[in-house]
Amino acid sequence: MSKKSEDRVARFNTLVKERDELEAAIDGLIADMAEQPEAARRVGAWAADGASTQRYLTLTERLSEVEGDLVDLTRAMAAAADEGRPN
């Protein structure tokens, strides 16, 4: 395996780990919100500008970026693998 391929695999693994951590954190926030009475979600941490809402938005935005990076990296790895194959 070339150095470039090794770097891609390492980056892929790092992104997968980050994605898993983000998904777990998001799931935790969703569970927390679900435990709150609907009226309580309109004020405090789960209000539109509340800390939990902002944290959720930050995490989901980062998750979107990570997913995009994973797609791009997977395509690059597939293209590199195809370059080494005979037609």
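The values are calculated or read from the model by the stated rules, or taken from the named source; none is laboratory data. Just so we're clear, the structure is a prediction, and the values are computed from it rather than from any experiment. In this analysis, Cβ positions are derived from the backbone assuming ideal geometry, glycine residues included, and neighbour counts consider all displayed protein chains.
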Residue under question is residue 31, and the condition is that it be of a type in the set (Gly, Ala, Ser), part of a helix (DSSP H, G or I) and either at pLDDT below 95 or surrounded by 10 or more Cβ atoms within 10 Å (Cβ to Cβ) (or both); does it hold?
no
Residue by residue through segment 26-41, note down the ones that are of a type in the set (A, V, I, L, M) and either over 18 Å from residue 65 (Cβ atoms) or in contact with a Lys or Arg (Cβ under 8 Å, 6 or more places away or on another chain) (or both).
29, 30, 31, 33, 34, 39, 40
Every residue in segment 34-87 that is farther than 30 Å from residue 14 by Cα and surrounded by 11 or more Cβ atoms within 10 Å (Cβ to Cβ), please.
36, 40, 41, 42, 44, 45, 46, 47, 50
For the condition part of a helix (DSSP H, G or I) and over 30 Å from residue 2 (Cα atoms), what is the one hit in 62, 55?
55
Is segment 25-42 home to any residue that is free of Cβ contacts under 8 Å to residues at least 60 places away in the same chain, farther than 29 Å from residue 80 by Cα and of a type in the set (Val, Ile, Thr)?
yes
Looking for whichever is more than 9 Å from the chain's Cα centre (by Cα), among the hydrophobic types (A, V, I, L, M, F, W, C) and farther than 23 Å from residue 4 by Cβ here; the options are 76, 45. Which one fits?
45
